[in-house]
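The values are calculated or read from the model by the stated rules, or taken from the named source; none is laboratory data. Keep in mind it's a predicted model, so treat the numbers as computed, not measured. Ideal geometry is used to build each Cβ from the backbone, glycine not excepted, and the neighbour counts take in all protein chains shown.
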Amino acid sequence: MLQCTAVTSVPEIDALVAMVTMQGAPGDPPSTLYLLGDMVLCELGEDEHTEHAAMICMANTDEPQALWLFWTGEGSTRHYALEERPECPAEQHPGSGRGYICVLFDKHPAVHSWVVTDPLGTILRIQARGEVDRLFRKYPEGDPD
Ligand SMILES: [Zn+2]
Ligand SMILES: [Zn+2]
């Protein structure tokens, strides 16, 4: 299943306040926020969900949890909330130590994260692989100098 294509801007001040006050706050909230970038992409599968969701940062807690941005609408009709949520406990092959763990929040709508593919990420990987192949053909000795 493809990933939802909804994007939104990060509400920086509210996100910083939430990060500073959350349980297991990151050590350097401004840097964590800077690394996140200005815009976030909904991490849910494209099947029906009423609220989009993007992880802002993981928490340093015993039980895995993270700060999530939930939103509906866009522009002047956008409504959002920042909430700490425990991690989804699902594993692709429980107990086997193989396969993927779900990186979404507990009780998320839609499918687990290992079912979701990011079409943009796939396109970028294909382009990067093509560029590496091109460089290897151009410099077969491995040294462009
Ligand atoms: Zn979405
Ligand atoms: Zn899940």
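Okay, here's what the table says:
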item: Hits in the range 19-47 (condition: within 22 Å of Ser113 (Cα to Cα) and either within 16 Å of ligand 2 (Cβ to nearest atom) or surrounded by 11 or more Cβ atoms within 10 Å (Cβ to Cβ) (or both)); result: Leu36, Val40, Leu41, Cys42, Glu43, Leu44, Gly45, Glu46, Asp47
item: Residue list for the range 37-52, filter: within 7 Å of ligand 1 (Cβ to nearest atom) and under 11 Å from the mean Cα position of the chain (by Cα); result: Cys42, Leu44
item: Failed condition for Ala53, given (1) more than 16 Å from Val103 (Cα to Cα); (2) at pLDDT 95 or above; result: (1)
item: Within the range 30-118, strands (runs of 3 or more DSSP E) holding 2 or more residues that are over 18 Å from Glu12 (Cα atoms); result: 79-86
item: Residue check for Gln127: more than 17 Å from the chain's Cα centre (by Cα), surrounded by 14 or more Cβ atoms within 10 Å (Cβ to Cβ) and either away from ligand 1 (no atom under 15 Å from the Cβ) or over 24 Å from Trp68 (Cβ atoms) (or both); result: no
item: Condition broken by Thr72, with the remaining ones in (1) in contact with a Ser or Thr (Cβ under 7 Å, 6 or more places away or on another chain); (2) among the β-branched types (Val, Ile, Thr); (3) without any contact (Cβ under 8 Å) to a residue 60 or more places away in the chain; (4) within 16 Å of ligand 2 (Cβ to nearest atom) satisfied; result: (4)
item: Qualifying positions in the range 95-119 - loosely packed, with under 11 Cβ neighbours inside 10 Å and either more than 19 Å from Thr50 (Cβ to Cβ) or modelled with pLDDT under 90 (or both); result: Gly95, Ser96, Gly97, Arg98, Gly99
